[in-house]
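Shown next, in structure tokens, is the structure this report addresses.
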Amino acid sequence: MLIRLEDIRRYYTVGEEEVHALDGVSIAIEKGEWTSIIGQSGSGKSTLMNVLGCLDTPTSGRYILNGQDVSGMSDNALADIRNREIGFIFQTFQLLPRETAQANVELPLVYRGLRARERHERATAALEKVGLANRVHHRPNELSGGQRQRVAIARALVTEPSLLLADEPTGNLDSATGEEIIRLFEQLHSAGHTLVLVTHEPAIAARCPRAVRLMDGKVVSDGPGAQVALESRAERARAAAAAVAP
Amino acid sequence: MKPSVELYEGTRIALSSLRANPLRTILTVAAVGIGVATLLAIVSIIQGLNASFAHQLESLGTATLNISRTPQISMGPTWWMYRNRKQLTVPQMQAIAAQSRYAAFVVPELNEESKDITSRQQTASGVDVTGTLGDFQRVGGYEMAKGRFITDADSDNERFVIVLGSQVAEALFPDRNPLAESVRVDSRPYRVVGVLAPKGSLLGQSLDLVAFVPFKSFLGVYGKRDFQIDVALHDPKDLDKAEDEITGILRRARNVPPDKPDDFSVFRAEQLADIYKGLTGALYGVAVAVGIITLIVGGIGIMNIMLVSVRERTREIGVRRALGARRRTIVVQFLLEASTVSALGGVLGTTVGLGLAKLVSAVSSVTAVVQPLTVVAGVGFAALVGLVFGIWPAARAAQLDPVEALRHE
Ligand SMILES: Nc1ncnc2c1ncn2[C@@H]1O[C@H](COP(=O)(O)OP(=O)(O)O)[C@@H](O)[C@H]1O
Ligand SMILES: [Mg+2]
């Protein structure tokens, strides 16, 4: 078992009100699984991803990652966990604009304390893996959206993390480019990587072996991607009908 | 992350960030540079003043006591306190010479300030004319350029001979050997028997605008009056003991009852040094305060710019934190950035400050002294300012919540 979440809650206080971004989430993910988290905007997907990535600390609940109880770890320990265990892929790529693709991919290895030569070799290999061997010296503004996301994926892969987390990775891409990125994820899955992919698009969830649907911070279904995607579409249709009804 | 890697990476990031914002970097460097330049120029100039004063004071002879009826240096209108004091006399002076174990030379000194001395064609104005005896040459540390000094025989025989300071001789006899020439002081003729070697100046006053005549001749011309007794010691270390001893001798010679205070004053050249130190010390304090305030202003500039930099790079900080940077690593990164920019300011300020000091040396009589330590302190202090004023922005950067930071636009 790579991930075990037990009754995770993440509450925000906004003015007088308490927002339950995650309201008792319990899921388990095996090594090598490809899971998507689907739900409408505001359902808690990003919050869940931040908790999984040890960027955010839940209000309550237990989180076991790769055999370690992460809940209550120190800030430094969490930084090290993020560096060793997690690879993040963001909707907005989050590359450092002034650095080259190569330097961006090397960054997590800098924080791991690797020497320049080894960083260079591993970053070059990672960029090759995502098909960007000929773009290593380009800066983000010299790359297309799809290429930027590939750099971000290389950066996530370069530390050989146990978990890849992607939050709406195709959200800023046109559908053709998005499709390429999803294909890349399929390859990574076949290669044995554990993937969690956050999306609001049933079409993408449908292509994942497993999907978890969130609504108002709660897990409302968890099963094969195609089946959960269908539920999600039906739910959306109901919501749309309710919105236009008199 | 290893500290060495942290430093290396931090410096690399700092330099790239400074390069990315050239205008901002230049302004901050300038702000710190001005502070360092001010501080350095002032310190160098004051150190120069001090060095030349110390040198001048040495030539004055520190191992000397000057005894007079009234204090040589007094603050405020205190003359009435001393008006009943009796004059010093030649027998009293002789008592000191006979009884003191510490005194090497004891000579009288009578002064007429700001006299005109004339030769046939020329006039030298503002000359201090002193009536004294032969040993004064040793007491005052005078070297002869030509001829000889006044002798005791000159005084005993009331000869009208005169020894000229170098500047006076130069003014009166620009193209002639002054020896054996005749000059007039208050329309009385004197024969020149010697010319002194130049001594330079003390506190901006020339020590070469002087002339010496025999003690008794002086008394004969200007009448009986207060004179000062100069006592040169064998050993400067005996200054305190000598002062006690001579005070005792004089009290006995002047019949001062044991319950009464001294009715004469003892002055040491040392005291002049104290007064001078007090003066430049105050100047030093003000100047250093000005420099430090300027540096603080520079430091606040750095803090401001670092806060802007942190805000602009919030997302970058979020990315770094997501990829595994610890808080400390972020702190180090921003502290390095702040101290790099201020150290650059320190280097610039040092260069400009030294230039200023050189310039002052070139256009005025003050010679600035640049000590290597001052330069090191200038750059180091600037970097320290950056470090101190960088702490708050760096801490703010490190305290950012990674999730919030990543969402920042
Ligand atoms: N920092 C925050 N402060 C207050 N409320 C928040 C914060 N972050 C998220 N929320 C709220 O939590 C809920 C879930 O947000 P999020 O996880 O971003 O949803 P999703 O990614 O599914 O669109 C939303 O209602 C959102 O408004
Ligand atoms: Mg979201």
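Just so it is clear, none of the values below were taken in a lab; they were calculated from the coordinates. Not measured: the values here are computed from a predicted model. Here the Cβ positions follow ideal geometry from the backbone for every residue, glycine too, while neighbour counts run over all protein chains shown.
In the set A:65, A:48, A:52, only one residue is hydrophobic (A, V, I, L, M, F, W, C), more than 11 Å from chain B (Cβ to nearest Cβ) and either away from ligand 2 (no atom under 16 Å from the Cβ) or more than 30 Å from residue A:110 (Cα to Cα) (or both); that residue is A:65.
Here's the yes/no breakdown for (1) more than 19 Å from residue B:30 (Cβ to Cβ); (2) within 14 Å of chain A (Cβ to nearest Cβ); (3) surrounded by fewer than 21 Cβ atoms within 10 Å (Cβ to Cβ):
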{"position": "B:286", "(1), (2), (3)": "yes, no, yes"}
{"position": "B:290", "(1), (2), (3)": "no, no, yes"}
{"position": "B:294", "(1), (2), (3)": "no, no, yes"}
{"position": "B:297", "(1), (2), (3)": "no, no, yes"}
{"position": "B:310", "(1), (2), (3)": "yes, no, no"}
{"position": "B:334", "(1), (2), (3)": "yes, no, no"}
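Pairs are defined by a Cβ separation below 8 Å, a sequence spacing of at least 6 or placement on different chains, a first member in the range B:240-260 that is in contact (Cβ under 8 Å) with a residue 40 or more places away in the chain and surrounded by 13 or more Cβ atoms within 10 Å (Cβ to Cβ), and a second member that is in a loop (DSSP other than H, G, I, E, B) and of a type in the set (Phe, Trp, Tyr); the pairs so defined are B:241/B:102; B:242/B:102; B:245/B:102; B:246/B:102; B:250/B:264; B:254/B:264.
Within the range A:179-201, the set of residues being within 16 Å of ligand 2 (Cβ to nearest atom) and either within 14 Å of chain B (Cβ to nearest Cβ) or buried (at least 20 other Cβ atoms within 10 Å of the Cβ) (or both) comprises A:196, A:197, A:198, A:199. On the stretch given as the range A:224-237, residues that are closer than 27 Å to residue A:61 by Cα and in contact (Cβ under 8 Å) with a residue 60 or more places away in the chain total 3. Out of (1) in contact (Cβ under 8 Å) with a residue 60 or more places away in the chain; (2) in contact with a helix residue (DSSP H, G or I) (Cβ under 7 Å, 6 or more places away or on another chain), what's the single condition that is false for residue A:221? The number of the failed condition is (1).
Does the range A:86-100 include one or more residues that are more than 9 Å from every other protein chain (Cβ to nearest Cβ), free of Cβ contacts under 8 Å to residues at least 40 places away in the same chain and surrounded by fewer than 23 Cβ atoms within 10 Å (Cβ to Cβ)? Looking for residues that are more than 9 Å from every other protein chain (Cβ to nearest Cβ), free of Cβ contacts under 8 Å to residues at least 40 places away in the same chain and surrounded by fewer than 23 Cβ atoms within 10 Å (Cβ to Cβ), one finds at least one in the range A:86-100, hence yes. Taking every residue in the range A:36-49 that is in contact (Cβ under 8 Å) with a residue 12 or more places away in the chain and small (Gly, Ala, Ser) and pairing it with any residue that is near ligand 1 (Cβ under 7 Å from one of its atoms) and in a helix (DSSP H, G or I), at least 6 positions away or on another chain, the pairs with Cβ-Cβ distances below 6 Å are A:39/A:45. When residue A:103 is tested against (1) in a loop (DSSP other than H, G, I, E, B); (2) of a type in the set (A, V, I, L, M); (3) farther than 21 Å from residue A:211 by Cβ, only condition (1) is not met. What about residue A:120, is it assigned to a loop (DSSP other than H, G, I, E, B), away from every other protein chain (no Cβ under 12 Å) and over 30 Å from residue A:48 (Cβ atoms)? So residue A:120 fails the test. Every residue in the range B:157-175 that is of a type in the set (Asp, Glu) and exposed (fewer than 13 other Cβ atoms within 10 Å of the Cβ), please. Within the range B:157-175, just B:175 meets the criteria. Between B:344, B:359, B:373, the distinction of being aliphatic (A, V, I, L, M), more than 14 Å from every other protein chain (Cβ to nearest Cβ) and in contact (Cβ under 8 Å) with a residue 24 or more places away in the chain belongs to B:344 only. Exactly one residue out of A:172, A:141 is more than 16 Å from ligand 1 (Cβ to nearest atom) and surrounded by fewer than 21 Cβ atoms within 10 Å (Cβ to Cβ), and it is A:141. Would you mind finding the one in B:189, B:236, B:178 that is surrounded by fewer than 16 Cβ atoms within 10 Å (Cβ to Cβ) and touching a strand residue (DSSP E or B) at 6+ places or on another chain (Cβ under 6 Å)? Going through B:189, B:236, B:178 in turn, the sole match is B:189.
In summary, residue A:58 fulfils each of the numbered conditions (1) within 16 Å of ligand 2 (Cβ to nearest atom); (2) under 21 Å from residue A:23 (Cβ atoms); (3) buried (at least 22 other Cβ atoms within 10 Å of the Cβ) with the single exception of condition (1). Would you confirm whether or not the range A:20-29 contains a residue that is closer than 15 Å to residue A:198 by Cβ, in contact (Cβ under 8 Å) with a residue 12 or more places away in the chain and within 16 Å of the chain's Cα centre (by Cα)? Scanning the range A:20-29, I find at least one residue that is closer than 15 Å to residue A:198 by Cβ, in contact (Cβ under 8 Å) with a residue 12 or more places away in the chain and within 16 Å of the chain's Cα centre (by Cα), so the answer is yes. Within the range B:332-364, the set of residues being assigned to a helix (DSSP H, G or I) and more than 20 Å from residue B:381 (Cα to Cα) comprises B:358, B:359, B:360, B:361, B:362, B:363.
Going by the structure shown, is residue B:403 more than 30 Å from residue B:322 (Cβ to Cβ) and not small (Gly, Ala, Ser)? Here the answer is no, as residue B:403 does not meet what is asked. The residue of the range B:320-330 that is farthest from the other protein chains (Cβ to nearest Cβ), among those that are under 14 Å from residue B:401 (Cα atoms) and buried (at least 21 other Cβ atoms within 10 Å of the Cβ), is B:330.
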